Every structure is written in C-alpha cells, then in structure tokens.
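Trainee: Shown below is the structure under consideration.
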Amino acid sequence: MILDDIITQKRKDLEELKRRFPAHRLQQAVLSFKRSKPRDFKKAISAPHGVNLISEIKKASPSAGILREDFQPLRIANSYEAGGAAAISVLTEPHYFKGRPSYLRTVRQVTSLPILRKDFILESYQLYETALLEADAFLLIASILTDDELRHLIQLGLELKMEALVEVHADEDLSKALYAGARIIGINNRNLRTLEVDARSAKQLIPHVPKGIPIVIESGLQHYEEIMEYKSLGINAFLAGTVFMKSRDIVSTMNELLGRDRKWIKGSGGTYGQS
C-alpha cells in the first residue's frame, strides 16, 4: 500500500539525516536558535464566523501525480495571502509529493500567515527540524503513531511553540487523538491506504469531537456547496490544495470555493438568495 511505502521511505530518509546531522546536534541548534515570533495557528483557524481556509502548497500527490508544472512556492504563497487564506500548509515530503523542508522557511519570508508543515512525522527528530525551519504547526497522522508516540509529539510540539494538527480518518483514530491530548483535529476524507475520498468520513466523525476543539476538514474540497454543507454542521476550518494547484488563477479559484463570486439578491419576506 502507498502509505506503507511512504513510511518505509521516510524511515530511510531519517536514518540518512541523522547520520549526516545527529540528533544531539540538531537539538543544540534548536536551543541556540533565535526564531522569529511564532504565529498563532490555532487562533487563525478558529475564527467563529466565515471560512478559515488552510491553503496548501504541493507540487504532486501519489493519487494525481504532478499537480503544477509551473511550481513557484513563493508566488503561490503570495496568492494565498491575497486570496484571504487563514494559514498556509506546505508539503515537505520529497519522494511522493515533490516537497522540500526548506520551503517552510522561504515561504515564511513572504507571508504573515501561520505555516503548517505537512509531512509524515514519526519521531522527535522531525519536530526539532520543523522548529528550526520556523513552522508554526505540524501534521500528525494518528493511524501511523502509537498512543505514546502521539502524546509525546503533541507535547513536544507545544514545548517548541508549535501546534499539532492531528489527522484522523476513523473512530479509532479519533479516540487515540483525544486520549493523546489533541488540541486541533483534522478529519481527512481521503483514506490514506486506498487514496479514495469519501465525504461520509467527516460527517460521521464530527459529532464525536468534543466542543471547543477546532475541526479542520481535509481532502476532496472543490465546490462552494461542499463548504456550506460542512458549515451547517458547525465547521469553519478547511484544508484544500489540489483544487488550487490545478488552477491557472489561484485567487479566483479561492473566491469560487468560498462563494465570493456569487451575487446575492433580496427575496420576498426580507430573505436573500443567490443569483
């Protein structure tokens, strides 16, 4: 399965990284590094009104291949901020998503938005690396971590002044995430083992997330109507990337997804409708 292949490759990459830059040296570098002021990722995606969009920068995906031939992360980041994104997600996995960890710091230089590192994080080494690259938040996938690993990484992230977006897909993932102390839940409609997208995943899990914990809906978002359906369920935060990476005009596509291009007219009885 593709997820197993990614994890196997990730472990190989980590062994090579640690050989070239041992963990103790990395930790020392983080302790001595004076990073810029962290940006509040949780606050940025928790605004109670409107849509809090986490827009993603990624060149490729295992399910769709190359998404954007003219891939310029800095220009994309500028478009996301201009389009009103609440935060930016940056794919840093190099083999299957064609990302680079260095994109985190370079993107940060051209935007005031919080930056989320999207990768397959398995151990502490990657969190120290993430902190050194000045991300404000990072993704943890509940299904590929044990209870203890998940709890440890969430806590270490907070100590390093970064929030964890804990991604779940099924009931057992959500139970694990909540038990580990997740402060933000991402519900991924894509099954990472089959790569199939099923919107029922999120709709089944939403009622089981305790009030007060922000929920981010991930994967498969392409239309304004989908956003509105989730908003009717009390969801205000969404992560989308592929729809923008395939677009010739990112800001226009953001406007379409958020319904900003729609005209509203006054109807009978003082109600309003779309034209």
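Rundown of residues vs (1) in a loop (DSSP other than H, G, I, E, B); (2) among the polar types (S, T, N, Q), yes/no style:
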| site | (1), (2) |
| --- | --- |
| 30 | no, no |
| 35 | yes, no |
| 39 | yes, no |
| 42 | no, no |
| 56 | no, no |
| 63 | yes, yes |
| 68 | yes, no |
| 71 | yes, no |
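Trainee: Condition test on residue 253, is it under 16 Å from the mean Cα position of the chain (by Cα) and among the polar types (S, T, N, Q)?
Mentor: No.
Trainee: For residue 75, work out the one condition from (1) touching a residue at least 40 places away in the same chain (Cβ under 8 Å); (2) farther than 22 Å from residue 20 by Cα it doesn't fulfil.
Mentor: Looking at each condition in turn, residue 75 falls short on (1).
Trainee: How many residues does the stretch 98-124 hold that are touching a residue at least 40 places away in the same chain (Cβ under 8 Å), part of a loop (DSSP other than H, G, I, E, B) and among the basic types (Lys, Arg)?
Mentor: Residues that pass the stated criteria total 1.
Residue-wise test of (1) surrounded by fewer than 23 Cβ atoms within 10 Å (Cβ to Cβ); (2) closer than 22 Å to residue 61 by Cβ; (3) touching a residue at least 12 places away in the same chain (Cβ under 8 Å); (4) out of contact with any His (no Cβ under 9 Å at 6 or more places or on another chain).
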| position | (1), (2), (3), (4) |
| --- | --- |
| 84 | yes, no, yes, yes |
| 96 | yes, yes, yes, yes |
| 163 | no, no, yes, yes |
| 176 | yes, no, yes, yes |
| 182 | no, no, yes, yes |
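Trainee: Same structure, new question: Any idea which residue in the stretch 150-160 is surrounded by the fewest Cβ atoms within 10 Å (Cβ to Cβ), counting only those that are over 17 Å from the mean Cα position of the chain (by Cα) and not aliphatic (A, V, I, L, M)?
Mentor: Only one residue fits best here, namely 159.
Trainee: What is the one condition in (1) surrounded by fewer than 16 Cβ atoms within 10 Å (Cβ to Cβ); (2) on the phi < 0 side of the Ramachandran plot that residue 65 does not satisfy?
Mentor: So the condition that residue 65 fails would be (2).
Trainee: Just a yes or no: is a residue in the stretch 116-128 more than 21 Å from residue 30 (Cβ to Cβ) and in contact with a Leu (Cβ under 6 Å, 6 or more places away or on another chain)? Walk me through it before giving the result.
Mentor: Step one: list which residues in the stretch 116-128 are more than 21 Å from residue 30 (Cβ to Cβ), which gives none.
So far as the stretch 116-128 goes, no, none of its residues is more than 21 Å from residue 30 (Cβ to Cβ) and in contact with a Leu (Cβ under 6 Å, 6 or more places away or on another chain).
Trainee: Any residue in the stretch 126-155 that's in contact (Cβ under 8 Å) with a residue 60 or more places away in the chain: show its pairings with residues that are of a type in the set (Asp, Glu) and not in a helix (DSSP H, G or I) at Cβ separation under 6 Å, as long as the two are six or more apart or on different chains.
Mentor: 137/163
Read the figures in this text as sums done on the coordinates, not as results from a lab. Only a predicted model underlies this, so the values are computations on that prediction, with no experimental measurement involved. Cβ sites come from the backbone with ideal geometry, for glycine too, and all protein chains shown count toward neighbours.
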